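Each remark here refers to the structure printed beneath this line.
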Amino acid sequence: MASRFELVAVPRWQYDENYLMLLDSLEAALPLAKTSDLSNEPLARRIFGLSEGLIGEIVTIVTKAAIAAIRSGTERISKANIDALRYVPISQRRNSPLRQSLL
């Protein structure tokens, strides 16, 4: 199966205007009752740091935070909401305490 598809490297996002526009686009697609202002610098930097600039990680973090916001009734994503996810960046997953406890 792996040989059926050609691998294509996807460059990491940079923390710049394009990244902030990506966050605005993601926010516009979220079914939240309140605005989260994901492109606000503290929140945008937190998402960027956790995602390490990887598009899949950015989308996963925003999606998980949106689900948590809906479940909590806050209906908006905040930095505290993202911190509560206890999201482990991909570069740290191999040695994460959760992974080690499962081994």
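Taken together, the values in this text are just the output of simple stated rules run on the coordinates, not laboratory data. This structure is a prediction, so every number in the text was calculated from the model and none was measured. Counting neighbours? That spans all protein chains shown, and the Cβs are built from the backbone with ideal geometry, glycine included.
About its Cα centre, the chain has a charge dipole of approximately 580 debye under the convention of +1 per Lys or Arg Cβ and -1 per Asp or Glu Cβ, with nothing else charged. A simple rule links phi to the HN-Hα coupling: the Karplus curve 6.51 cos²θ - 1.76 cosθ + 1.60 with θ = phi - 60°, which for the range 51-60 gives 7, 6, x, 8, 4, x, 5, 4, 5, 4 Hz, with x for Gly and Pro.
Take each peptide in 24-37, 4-17, 74-87, count the other Cβ atoms within 10 Å of every residue, and average; sorted highest first, the result is 74-87, 24-37, 4-17.
Rounded to the nearest 0.05, the FRET efficiency derived from the C-beta distance between residue 94 and residue 63 at R0 = 25 Å is 0.65. Our helix-only sum for the chain, with -39,500 (n - 2.57) per DSSP H run of n ≥ 4 divided by its residues, gives a mean residue ellipticity at 222 nm of -16000 deg cm²/dmol.
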